[in-house]
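Enquirer: Before anything else, here's the structure in question.
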Amino acid sequence: MAGLVRTQLVAGRRPLCRPGPALTGDTPLPQDHEYVLGLSAFYHDSAACLLRDGEIIAAASEERFTRKKGDPAFPQRAVAYCLEEAGITVDRLGKVGFYDKPLLKFDRILETYLGIAPLGVKSFLMAGPLWIKDKLYMDRQIREALGYDGPMLYAEHHESHAASAFFPSPFEEAAILTMDGVGEWATATIGSGRGNDIEILRELQWPDSLGLLYSAFTYYTGFKVNSGEYKVMGLAPYGEPKYVDLILRELVDLREDGSFTLNQVYFDYLGGLTMTNGAFDRLFGGPPRQPETKLTQKEMDLARSVQGVTEEIMLRMARTAHRATGHPNLCLAGGVALNCVGNGRLLREGPFERLWIQPAAGDAGGALGVAQLIWHRHSGRPRVVTAGRDSMKGAYLGPEYPPDAIERVLQAQGAAYTRLPPEELRQRVARLLAEEKVVGWFNGRMEFGPRALGARSILGDPRSPRMQAQMNLKIKFREGFRPFAPSVLRERVSDYFELDCDSPYMLLVAPVRKERQIPISSEAQQLWGIDRLNLPRSDIPAVTHIDYSARVQTVSRETNPDYYELIQEFEALTGCPVLVNTSFNVRGEPIVCTPEDAYRCFMRTHIDFLVLGPFLLEKRAQPAREESADWKLEFQLD
Ligand SMILES: [Fe+2]
């Protein structure tokens with residue numbers, strides 16, 4: 001296993017950030033602290049993360065600031081935010097880390113093209129010059145962008161994922177499983193974490209990749225690769241697993257230990273510009289579904305089948321990790337760890353007693369991983385574990401806006417608003433939710449990772465049978481089949497779901513408790529696919545998926561007291577300690593970051609009320625806004 005590589009130093013150029021705030025008498029001198037900045041960039045979902053004396057004090061994805069979903073650009077604005085949060089300038093950074101090794105990645109790309117030449121010429125002609133021009137000179141690029149001339153360190157892609165999975169976890173020792181599309185060569189690794197170090201024990205290498213297998217079906221079923229995987233997972237319960245045997249016979253040679261070989265006859269990602277090819281089309285009886293065309297039972301069956309195969313591979317890899325390490329706990333990261341249905345099965349059927357999943361499991365989390373690798377492994381600093389509590393601070397690691405800053409925005413927008421004391425605000429919002437109103441909830445620091453966890457969320461009443469369709473079509477402008485997730489008070493989770501552990505990051509799917517389920521009549525069972533969507537399936541129908549499952553977020557007072565107390569208030573009013581929680585954005589847009597983003601999103605959708613910190617806004621009271629052509633266009637695109 002390769003360790004961190006120190007690169008040559010070159011002189012820095014222009015500074016990135018303005019000076020931090022003036023120090024007061026009680027503020028510790030910044031010279032007393034050590035800062036490490038982690039970066040992920042240039043592939044998709046760029047991000048920055050800042051450690052102060054090893055503590056994660058800020059982390060954010062660039063997309064939230066630039067408003068470009070999955071923005072792969074250098075995370076200039078995320079870095080600026082992290083430094084501002086710490087009140088420091090770039091010259092205070094002790095070390096900067098990058099989440100993968102560009103040279104190794106180029107080596108893999110070059111070897112792939114050489115191995116299949118002349119087949120990949122077209123693709124190489126598109127990708128090769130870009131690599132040579134930009135990515136191989138990354139060190140210089142990063143230094144120039146930061147205005148930084150200190151030590152730069154590079155970790156391997158899966159080491160960064162593994163570090164992001166283990167170091168912030170609540171475990172002193174654990175097995176580690178990382179799975180994604182591809183980094184340099186590795187596509188999945190099994191490792192072991194103990195104290196302040198991690199060790200990678202095994203790896204599966206390109207082109208055999210669980211992430212790419214899933215992405216191939218994402219592409220074939222007509223969704224966008226790297227973001228549509230969630231839709232495939234959401235679609236799966238509407239289908240039958242009728243292609244599982246075919247996949248395992250023709251596409252995936254799966255071994256007992258979870259490793260596998262993908263039959264490249266059917267894929268085009270090695271040298272082509274698409275994921276699958278004509279042989280794949282022939283095997284599954286036709287070309288890929290065109291995006292935005294009607295979904296059919298075939299896509300649902302394909303989704304169910306690839307989901308089933310993925311879960312089987314995850315389970316086998318987890319068993320191997322358990323055998324190899326003997327640890328009772330498992331930490332997960334990498335894009336496949338966002339497959340919360342698979343994670344739920346790992347928890348229920350796998351050999352591990354406890355799971356911990358990095359909330360920013362995709363490449364954004366690599367920024368956090370490399371920073372922690374530098375702190376613990378490279379610098380040899382000890383790791384302090386608090387039993388039962390991770391060090392992610394609930395993933396609330398992004399920007400926060402004080403009331404006066406929010407009020408300035410509201411005044412500039414000419415918004416109609418009321419400021420309420422916290423208790424009155426909670427009571428009003430709980431009442432509105434109980435009246436089936438949809439409420440935008442903008443509170444505290446923004447989440448790090450793809451899920452909204454009660455800081456940038458849209459909330460609704462889970463008991464309402466109309467809520468799922470209403471929120472999908474009128475608020476999120478997205479496909480009606482997509483399920484919504486419940487936020488539930490941590491102490492009440494077992495009263496509603498077959499789950500008895502923390503799931504703070506909405507990364508575990510569990511069944512709704514049997515006694516809450518409403519059986520489907522034999523007549524209704526004749527309906528197929530999406531026609532079954534409107535049948536109430538439990539006493540919290542808006543968050544109960546077609547197969548009686550739910551993607552659960554447990555909410556605790558320690559990490560998000562305001563959100564916790566709002567749900568408590570809703571429970572006091574209705575007896576139900578659950579809310580619908582969906583991310584505060586519309587289709588194709590990153591989750592809102594600033595009060596301006598939130599107000600804009602509120603005004604463009606059918607959200608009835610908006611809470612911005614201590615302020616409450618009613619849609620009907622807002623001044624009429626002329627919709628620009630851009631807005632209308634935006635809604636038609638994804
Ligand atoms: Fe990755």
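The values are calculated or read from the model by the stated rules, or taken from the named source; none is laboratory data. All values derive from a computational prediction rather than experimental measurement. Methodologically, a virtual Cβ is constructed for each residue, glycine included, from the backbone with ideal geometry; neighbour enumeration extends over all protein chains shown. Please note that ligands, DNA and RNA were not included when accessible areas were found on the heavy atoms of the full protein model with its side chains. Shrake-Rupley method; radii C 1.70, N 1.55, O 1.52, S 1.80 Å.
Enquirer: Would you check if there is a residue in the stretch 109-130 being within 16 Å of the ligand (Cβ to nearest atom), surrounded by 18 or more Cβ atoms within 10 Å (Cβ to Cβ), under 19 Å from residue 366 (Cβ atoms) and modelled with pLDDT under 90?
Expert: yes
Enquirer: Could you say whether any residue in the stretch 253-272 is open to solvent by 30 Å² or more (accessible area, probe 1.4 Å) and touching a His at 6+ places or on another chain (Cβ under 6 Å)?
Expert: No: zero hits.
Enquirer: If you take the residues of the stretch 148-170 that are surrounded by 20 or more Cβ atoms within 10 Å (Cβ to Cβ) and closer than 22 Å to residue 347 by Cβ, which of them is nearest to the ligand (Cβ to nearest atom)?
Expert: 161
Enquirer: Take the residues of the stretch 338-364 that are closer than 16 Å to residue 193 by Cβ, out of contact with any Gly (no Cβ under 7 Å at 6 or more places or on another chain) and in contact (Cβ under 8 Å) with a residue 60 or more places away in the chain: which is nearest to the ligand (Cβ to nearest atom)?
Expert: Filtering first and then ranking leaves 357.
Enquirer: Among the residues of the stretch 300-336, write down those that are over 17 Å from residue 202 (Cβ atoms) and among the aliphatic types (A, V, I, L, M).
Expert: 300, 302, 303, 306, 309
Enquirer: Pairs, please: C-beta under 9 Å, at least 6 apart or cross-chain, first residue farther than 21 Å from residue 457 by Cα and open to solvent by 60 Å² or more (accessible area, probe 1.4 Å) and in the stretch 491-512, second assigned to a loop (DSSP other than H, G, I, E, B) and not β-branched (Val, Ile, Thr)?
Expert: Hits for this filter: 491/556; 491/577; 495/513; 495/577; 498/513.
Enquirer: If you don't mind, another one. Among strands (runs of 3 or more DSSP E) lying entirely in the stretch 329-443, which contain 2 or more residues that are open to solvent by 10 Å² or more (accessible area, probe 1.4 Å)?
Expert: In the stretch 329-443, the matching strands (runs of 3 or more DSSP E) lie at 354-357.
Enquirer: Still on this model: Could you list all residues from the stretch 584-598 that are touching a Leu at 6+ places or on another chain (Cβ under 7 Å) and open to solvent by less than 20 Å² (accessible area, probe 1.4 Å)?
Expert: 595, 598
Enquirer: Let me ask something else. Kindly provide the set of residues from the stretch 44-89 that are in contact (Cβ under 8 Å) with a residue 24 or more places away in the chain, over 26 Å from residue 598 (Cα atoms) and open to solvent by 10 Å² or more (accessible area, probe 1.4 Å), ordered by number.
Expert: Within the stretch 44-89, 52, 54, 55, 89 meet the criteria.
Enquirer: Determine if the stretch 517-525 includes at least one residue that is touching a Pro at 6+ places or on another chain (Cβ under 9 Å) and modelled with pLDDT of 85 or more.
Expert: Looking through the stretch 517-525, at least one residue is touching a Pro at 6+ places or on another chain (Cβ under 9 Å) and modelled with pLDDT of 85 or more.
Enquirer: State yes or no: is residue 307 at pLDDT below 95, within 29 Å of residue 588 (Cα to Cα) and not basic (Lys, Arg)?
Expert: Spelling it out, it is not the case that residue 307 is at pLDDT below 95, within 29 Å of residue 588 (Cα to Cα) and not basic (Lys, Arg).
Enquirer: Looking only at the stretch 450-483, count every residue that is open to solvent by less than 10 Å² (accessible area, probe 1.4 Å) and not in a helix (DSSP H, G or I) and tell me the total.
Expert: Looking only at that region, the number is 14.
Enquirer: Right, next: Looking only at residues that are of a type in the set (S, T, N, Q) and within 12 Å of the ligand (Cβ to nearest atom) in the stretch 178-211, which one is surrounded by the most Cβ atoms within 10 Å (Cβ to Cβ)?
Expert: Selected residue: 178.
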